[in-house]
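Participant: Once you've had a glance at the structure underneath, I'll fire off some questions.
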Amino acid sequence: MKNLLKQSRDPHAARRCKLCSLPAFRIAALYCLFSIVWIVLSDNAIEAVVSDTKLLSDIQTGKGLFFIVITTLLIFYLIHRAFREHQRSLNYMHTLVEAIPDLVWLKDPDGVYVACNSKFERFFGSKEREIIGKTDYDFVDKELADFFRKHDVAAAQAGGPTINEEEVTYADDGHKEMLETIKTPMFDSNGRLIGVLGIARDITLRKQQEEQILHQAHFDTLTDLPNRFLSLYQLSQRIVEAKRDNEQIAVLFLDLDDFKKINDSLGHDTGDKLLIDAARRLRSVLRDEDTVGRLGGDEFIVLLSGLKHAEDVAPIAENLISCFSEAFHIDGRELMLTASIGIAIYPGDGDDSSTLLRNADAAMYHSKEEGRNTYSYFTDAMNRDVSHRLLLEEQMHGAIRRQEFYLCFQPQVDVSNGEILGFEALLRWKNPVLGLVSPAEFIPVAEHSGLIVQLGEFVLIEALKAAGELRANFGEHLKMAVNLSPRQFRDPNLISVIQEIIGTSGVPADSLELEITEGVLMSGHTFIDNALAAFSQDGISIAMDDFGSGYSSLSYLRNYPFDVVKIDQSFIRDITDDPADLELVSAAIAMAHSLGLKVLAEGVETRAQLALLAERGCDSAQGYLFSRPLEFEDAKVLLSNKQSALESEQV
Ligand code: C2E
Ligand code: MG
Ligand code: MG
């Protein structure tokens, strides 16, 4: 093996070969010279001393025999030394090749094995002596032997090392390995191919790690579904195919309803387990050729190809929704889950993946608005909604700095005597592009973007500034109600910020009323309990806003430190026509009073409504009957008019 190794294609090999033979040439020449000198000198010396021819002949015979013995000993010594050197080199080489953890082998140009190491022996399950002189066809099936031969020939033709990867099975114990093989052709000093050297390295672990990294880059670690990147890539691939085959594709955007509440109330561990089970259920109701991927959080995408009609998606969407109809059993709990789905169809609703995804998202949003647990097909009107929402978001950036926000104040009136008890501060947004935008429209967008935290601080500062001025001019009894949105409670600084704003305003804490909706309480977070307890302790009064419009859970009123219940205007609207509504409002008033809470009726527009509310014992009211929300200057005018009316009454 050593010699053959030396003879691989190397430009210096021939020169080095000549140099190698130089000592041998030198020794031979020296020996030749010594022999001639010896023969000539010894013959002449003997002839000069001995004259007897018989004795001369005997001496020369003895001299010849002596020469032969010396020469034989010399040849023996030289050959023995050369063999020993050779053997030592072979041992070095053998140890070296054995020490290499890779498979090493050598074949002649015909593919016949010349040498191999013991790692290679394991591959064929035979000893080196059994391998030498044979070819791959003697050990592996023809297909694999052809493959090896093809690569040997390719390496020889390439004239330099070639690399290929192959999975092989070891004959000794049957284990498999992924090998990276480098085949190097070897040439003699004349450039003639004399063999191919093969070295194969086990790259199984590296391949597994590469595959793992690739998997992690394309699949969601929690659910093992394709992630956003892979899902959108698959969508773009399907679009190409659908374009070619003139077919339709459906993109379903699926969002789990109120999933955040589960995370918030039961913890992320439970949320994660629920997501895994939900993903499994979604996968189970789809065909193998359909894709379901996780876009992130509680959002999933489903891709359906080969559709004839857009209506064919409806039963599939229904299946997806109904796969959640049974409770999930997680950590000994029974959890119910519903989903909202939006459907966009290629090519009608978009011909690229991002448009289709955006439109399916808009349709999903619509399903949420429709009351959740349902599906909607995308329509152009939704597109306009999305564009409008995007425009709102865009315009909202920097709107506080540009002073586009301001407050209006709506009076809250004592039902028994019409006296103004205070005001509710209501935010307004006047934008040069959008005009006057209703809070019902922009508050959800501000909540979504997180801007509500900053906006909330602005409202509190402005409202308390206004309260300070009103109280100074029109009486210390006046209160100021400010709405707090659920998102503001996620701000860990909420309590300290409010305390600080009250402190700098100089207005006493008990003149502030914070209005919150049931949505805030539903997440069940302890920091909400803490915040409400802290507000109450500071003397701030707390009102439940829009009572009756949501779950209207009595337990909330009992368990939290509320001072006021604001009955939603949707109940007040019909109390004069609908006896059931009147009874509900009466029951709510009685119940709130029994819990020691005051009751305010929202949206009072007529004298008849006010009369009924007064009759049923409602404490205060707010609505267009008394005044629309007013700009600050107008609120002051209203108060001074009231004051002068009162003064003239007293006169
Ligand atoms: P809300 O807190 O229930 O406020 C009462 C809403 O009812 C106000 O609408 C008010 O103009 C309207 N309203 C008052 N009286 C009547 C009436 O007699 N008839 C009718 N039809 N409507 C009446 P607005 O100002 O458009 O506010 C809508 C909602 O926006 C508010 O409902 C509140 O939830 C939210 N909002 C307003 N300002 C803020 C704020 O500063 N922060 C937060 N987080 N939300 C706010
Ligand atoms: Mg309110
Ligand atoms: Mg309200």
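The values are calculated or read from the model by the stated rules, or taken from the named source; none is laboratory data. In this text, all values refer to a predicted model and were calculated from it rather than measured experimentally. No Cβ is skipped: glycine too gets one built from the backbone with ideal geometry, and neighbour counts run over all protein chains shown. These area figures cover heavy atoms from the full protein model, side chains too; ligands, DNA and RNA do not enter into them. Shrake-Rupley method; radii C 1.70, N 1.55, O 1.52, S 1.80 Å.
Participant: Please go through (1) surrounded by fewer than 22 Cβ atoms within 10 Å (Cβ to Cβ); (2) more than 30 Å from H388 (Cβ to Cβ) for L436 and return the number of the only condition it doesn't satisfy.
Facilitator: Condition not satisfied by L436: (2).
Participant: Quick one: would you say I575 is in contact with a Leu (Cβ under 8 Å, 6 or more places away or on another chain) and within 15 Å of ligand 1 (Cβ to nearest atom)?
Facilitator: Numbers: in contact with a Leu (Cβ under 8 Å, 6 or more places away or on another chain): yes; within 15 Å of ligand 1 (Cβ to nearest atom): yes.
When the stated conditions are applied, I575 passes them.
Participant: Can I ask one more? Can you run down the residue pairs with Cβ atoms below 6 Å, 6 or more apart or on separate chains, where the first is in the range 410-426 and more than 17 Å from Q643 (Cβ to Cβ) and within 14 Å of ligand 3 (Cβ to nearest atom) and the partner is β-branched (V, I, T) and in a strand (DSSP E or B)?
Facilitator: Here the result reads A425/V482, each pair linking the range 410-426 to a residue that is β-branched (V, I, T) and in a strand (DSSP E or B).
Participant: If you go through the range 546-555 one residue at a time, do you hit one that is under 30 Å from L478 (Cβ atoms), at pLDDT 95 or above and within 16 Å of ligand 2 (Cβ to nearest atom)?
Facilitator: Taking the range 546-555 and keeping what is under 30 Å from L478 (Cβ atoms), we get 546-550, 552.
Of the ones still in play, those that are also at pLDDT 95 or above are none.
Checked against the condition, which is being under 30 Å from L478 (Cβ atoms), at pLDDT 95 or above and within 16 Å of ligand 2 (Cβ to nearest atom), the range 546-555 yields no hits at all.
Participant: For the range 563-572, state whether one or more residues are more than 16 Å from ligand 2 (Cβ to nearest atom), assigned to a helix (DSSP H, G or I) and surrounded by 15 or more Cβ atoms within 10 Å (Cβ to Cβ). Write out each step before concluding.
Facilitator: Restricting attention to the range 563-572, the residues satisfying the condition of being more than 16 Å from ligand 2 (Cβ to nearest atom) are none.
No, that holds for no residue.
Participant: Also: With a cut-off of at least 1 residues that are within 16 Å of ligand 2 (Cβ to nearest atom), name the strands (runs of 3 or more DSSP E) lying wholly within the range 388-466. I'd like the intermediate steps shown before the answer.
Facilitator: Values: elements: 405-414, 420-431, 435-437.
Ranges flagged: 405-414, 420-431.
Participant: While we're on this one: Give the residues of the range 311-328 that are surrounded by fewer than 16 Cβ atoms within 10 Å (Cβ to Cβ) and part of a loop (DSSP other than H, G, I, E, B), sorted by residue number. Walk me through how you get there before you give the answer.
Facilitator: Of the residues in the range 311-328, the ones surrounded by fewer than 16 Cβ atoms within 10 Å (Cβ to Cβ) are 311-312, 314-315, 318-319, 322, 325-327.
Selection gives S325, E326, A327.
Participant: Something else about it: Go through the range 299-310 residue by residue and tally those that are open to solvent by 20 Å² or more (accessible area, probe 1.4 Å) and at pLDDT 95 or above.
Facilitator: 1
Participant: Okay, moving on. Could you tell me which of the residues A314, A278, A327 is under 18 Å from M382 (Cβ atoms) and of a type in the set (G, A, S)? First the steps, then the outcome.
Facilitator: Working: A278 fails: under 18 Å from M382 (Cβ atoms); A327 fails: under 18 Å from M382 (Cβ atoms).
It is A314.
Participant: Quick check on L464: is it open to solvent by less than 20 Å² (accessible area, probe 1.4 Å), without any contact (Cβ under 8 Å) to a residue 60 or more places away in the chain and in contact with a Ser or Thr (Cβ under 7 Å, 6 or more places away or on another chain)? Talk me through it step by step, then tell me what you get.
Facilitator: On the way: open to solvent by less than 20 Å² (accessible area, probe 1.4 Å): yes; without any contact (Cβ under 8 Å) to a residue 60 or more places away in the chain: yes; in contact with a Ser or Thr (Cβ under 7 Å, 6 or more places away or on another chain): yes.
So L464 fits the description; yes.
Participant: From the list D361, D331, exactly one residue is more than 25 Å from N227 (Cβ to Cβ) and open to solvent by 10 Å² or more (accessible area, probe 1.4 Å). Which is it? I'd like the intermediate steps shown before the answer.
Facilitator: Working: D361 fails: more than 25 Å from N227 (Cβ to Cβ).
The conditions single out D331.
Participant: Okay, moving on. Can you pull out the residues in the range 543-561 that are away from ligand 3 (no atom under 14 Å from the Cβ) and either in contact (Cβ under 8 Å) with a residue 40 or more places away in the chain or closer than 21 Å to S496 by Cα (or both)?
Facilitator: L557, Y560, P561
Participant: Counting only residues that are without any contact (Cβ under 8 Å) to a residue 12 or more places away in the chain and either buried (at least 17 other Cβ atoms within 10 Å of the Cβ) or not in a helix (DSSP H, G or I) (or both), how many does the range 576-591 have? Even if it seems obvious, please write down each step before you answer.
Facilitator: Going through the range 576-591, the residues without any contact (Cβ under 8 Å) to a residue 12 or more places away in the chain turn out to be 577-581, 583, 587.
Keeping just the survivors that are either buried (at least 17 other Cβ atoms within 10 Å of the Cβ) or not in a helix (DSSP H, G or I) (or both) gives 577-578, 581.
Total meeting the criteria: 3.
Participant: Please work out which one of (1) touching a Phe, Trp or Tyr at 6+ places or on another chain (Cβ under 6 Å); (2) open to solvent by 20 Å² or more (accessible area, probe 1.4 Å) is the condition I443 fails and give its number.
Facilitator: (1)
Participant: Quick one: S51 ticks every box in (1) in a loop (DSSP other than H, G, I, E, B); (2) exposed (fewer than 12 other Cβ atoms within 10 Å of the Cβ); (3) modelled with pLDDT of 90 or more except a single one, so which number is it?
Facilitator: (3)
Participant: Pairs under 8 Å by beta carbon, first residue on the phi < 0 side of the Ramachandran plot and in a helix (DSSP H, G or I) in the range 592-606, partner within 16 Å of ligand 2 (Cβ to nearest atom) and of a type in the set (D, E, K, R), six or more apart or different chains?
Facilitator: That search, which allows pairs on different chains as well, returns A592/K598.
Participant: Still on this structure, please answer the following. Run S511 past the list (1) touching an Asp or Glu at 6+ places or on another chain (Cβ under 9 Å); (2) closer than 27 Å to L266 by Cα; (3) among the hydroxyl-bearing types (S, T, Y) and report the number of the one that doesn't hold.
Facilitator: That leaves (2) as the condition not met.
Residue-by-condition table, conditions (1) touching a Ser or Thr at 6+ places or on another chain (Cβ under 9 Å); (2) within 16 Å of ligand 1 (Cβ to nearest atom); (3) open to solvent by 60 Å² or more (accessible area, probe 1.4 Å); (4) farther than 21 Å from N473 by Cβ:
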site	(1), (2), (3), (4)
K598	yes, no, yes, yes
V604	no, yes, no, yes
L630	no, yes, no, no
Q643	no, no, yes, no
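Participant: Given the conditions (1) more than 21 Å from L256 (Cα to Cα); (2) aromatic (F, W, Y); (3) open to solvent by 60 Å² or more (accessible area, probe 1.4 Å), which single one is not true for Y346?
Facilitator: Every listed condition holds for Y346 apart from (3).
Participant: Quick check on my filter: what residues within the range 606-628 are among the aliphatic types (A, V, I, L, M) and either open to solvent by less than 10 Å² (accessible area, probe 1.4 Å) or within 16 Å of ligand 2 (Cβ to nearest atom) (or both)?
Facilitator: Filtering the range 606-628 for residues among the aliphatic types (A, V, I, L, M) gives 608, 610-614, 621, 625.
Selection gives L613, A621.
Participant: I would also like to ask the following. If you check A533 against the conditions, is it more than 16 Å from ligand 3 (Cβ to nearest atom), out of contact with any helix residue (DSSP H, G or I) (no Cβ under 9 Å at 6 or more places or on another chain) and open to solvent by 10 Å² or more (accessible area, probe 1.4 Å)? Show your work before the answer.
Facilitator: Working: more than 16 Å from ligand 3 (Cβ to nearest atom): yes; out of contact with any helix residue (DSSP H, G or I) (no Cβ under 9 Å at 6 or more places or on another chain): yes; open to solvent by 10 Å² or more (accessible area, probe 1.4 Å): yes.
When the stated conditions are applied, A533 passes them.
Participant: Could you list all residues from the range 266-294 that are free of Cβ contacts under 8 Å to residues at least 24 places away in the same chain, assigned to a helix (DSSP H, G or I) and open to solvent by less than 60 Å² (accessible area, probe 1.4 Å)?
Facilitator: G271
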